[in-house]
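J.: I'd like to ask you about the structure that follows.
FYI, it's all coordinate maths here, none of it is from the lab. Small disclaimer: the values here were computed from a predicted structure and weren't measured. Quick reminder, even Gly has a Cβ in these numbers, built from the backbone with ideal geometry, and neighbours come from all protein chains shown.
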Amino acid sequence: MTKRRTAILISGSGSNMLALLEAARNPSYPARPCLVLSNNPEAAGLARAAALGVPVAAVDHRPFAKDRAAFEQALDAVLLAHGTEFIALAGFMRVLTGGFVGRWQGRMVNIHPSLLPLYRGLDTHARALAAGDTEHGCTVHWVVPELDAGEIIKQVRVPILPGDDAAMLAARVLAAEHALYPVALASAIRQAG
Ligand code: GRF
């Protein structure tokens, strides 16, 4: 199949983005990264992607504080200018409206650091520890208007160990995310046809 032009949206360090870029170096991988886009012009992931020769862009969300739709129209303009056919959210920390999600539904996935449907939203590691869970994990899912609620594509379980604090657990889960996302994104693109 021809590679799907895939934009990766980030807000921070972009370690998941790097895992996807690495996987995409394989000629048989179904995604061709066409853009790394951030709402944060200072996102460290932008420089990391640029150093690998991937087109990067930032649409700062702060000037659009009162107009989320206008922010998303600016995102769309950049996405379309780069020929985007698929979107992988990778630590993108802005909530997307139903309008944007509707335009990309079926062509947009996200990675979330929990075993969805457990622990939608933020601070998942601390919440799992507080609940006394013995395992945690990460999930790649289709994006729908409801936050962290789309159909699950793949998820990986990660043990919670005695003495874990949120940072230790987050690091263990993040390593699992880096293994999971490339496989799940390929699966999603093949499912999308
Ligand atoms: C990851 O834990 C991801 O699951 C969550 O935000 C974090 C992003 O990390 N949505 P990075 O920017 O990919 O390093």
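J.: Take every Cα pair under 8 Å in the range 4-192 that's 6+ residues apart, average their separations, divide by the length, and report that relative contact order as a whole percent.
T.: Computed over the range 4-192, the figure is 22 percent.
J.: Continuing with this model, one more query. Compute the signed sum of charges (Lys and Arg +1, Asp and Glu -1) over the other residues within less than 15 Å, Cβ to Cβ, of D76.
T.: Value of the local net charge: +2.
J.: Now for a different question. Placing +1 on the Cβ of each Lys and Arg and -1 on the Cβ of each Asp and Glu in the chain, which of H178, A24, G45 has its Cα farthest towards the positive end of the resulting dipole?
T.: Projecting each Cα onto the dipole axis, the largest value belongs to A24.
J.: Using only the alpha-carbon atoms, how far is helix 68-81 inclined from the longest principal axis of the chain? Give it as 0 to 90 degrees, nearest 10.
T.: The two axes meet at around 60 degrees.
J.: Turning to a different aspect of this structure: Out of every Cα-Cα pair in the range 111-166, what percent are more than 13 Å apart?
T.: Percentage above 13 Å: 55.
J.: Follow-up. Using only Cα positions of the range 4-192, each an equal point scatterer, no hydration layer, compute I(q)/I(0) via Debye at q = 0.19 Å⁻¹ and quote the log10 values to two decimals.
T.: Relative scattering, expressed as log10 I(q)/I(0), comes to -1.34.
J.: Taking the Cα-to-Cβ direction at L147 and at R103 and moving 7 Å from each Cα, how far apart do the two end points lie in nm?
T.: Simple spin-label model gives 2.2 nm for this pair.
J.: Go through the range 116-173 and name the GluC sites (Glu not before Pro) that are in a DSSP coil and have 13 or fewer other Cβ atoms within 10 Å of their Cβ. Provide the component values of the computation, followed by the final result.
T.: Working: sites: E135, E146, E151; in loops: E146, E151.
Here the GluC sites (Glu not before Pro) that fit, given the DSSP loop and packing criteria, are E146, E151.
J.: Could you work out the local net charge near R32, counting Lys and Arg as +1, Asp and Glu as -1, over the other residues with Cβ closer than 12 Å to its Cβ?
T.: Taking every other residue near R32 into account, the sum is +3.
J.: Please compute the modelled spin-label separation between L80 and M93, points set 7 Å along Cα→Cβ, answer in nm with one decimal.
T.: 3.0
J.: Restricting the count to DSSP beta bridges whose residues both fall in the chain, what percent are antiparallel, rounded to a multiple of 5?
T.: Working: 11 of 28 bridges.
Once the DSSP bridges in the chain are tallied, antiparallel ones form about 40 percent.
J.: Another one. How far is helix 166-192 tilted, in degrees, relative to the longest principal axis of the Cα atoms in the chain, given as a value from 0 to 90 rounded to the nearest 10?
T.: 50
J.: Put a dot 7 Å past each Cα toward the Cβ at S28 and R157; how far apart are the dots in nm?
T.: In this crude label model, R157 to S28 measures out at 2.9 nm.
J.: Between A192 and D123, what's the calculated FRET efficiency when r is the beta-carbon distance and R0 is 41 Å? Round to 0.05.
T.: It comes out at approximately 0.85.
J.: Once amide H atoms are built 1.01 Å from N in the peptide plane, which residues 5 or more positions from H136, or in another chain, come under 5 Å H to H?
T.: Under 5 Å from the amide H of H136 lie the amide H atoms of V158, I160, each far enough along the sequence or on another chain.
J.: What does the highest-first list of 179-186, 58-65, 90-97 look like by mean Cβ count within 10 Å?
T.: 179-186, 90-97, 58-65
J.: Expressed in nm to one decimal, what extension gain is obtained for the pair E42 and R62 from 0.36 nm per residue of sequence separation less their Cα-Cα distance?
T.: Contour length minus the Cα-Cα distance gives 5.9 nm.
J.: How big is the dipole moment of the chain about its Cα centre under a simple scheme where the beta carbon of each Lys and Arg is +1, that of each Asp and Glu is -1, and everything else is neutral? Debye, nearest 20, please.
T.: Around 600 debye, computed over the chain.
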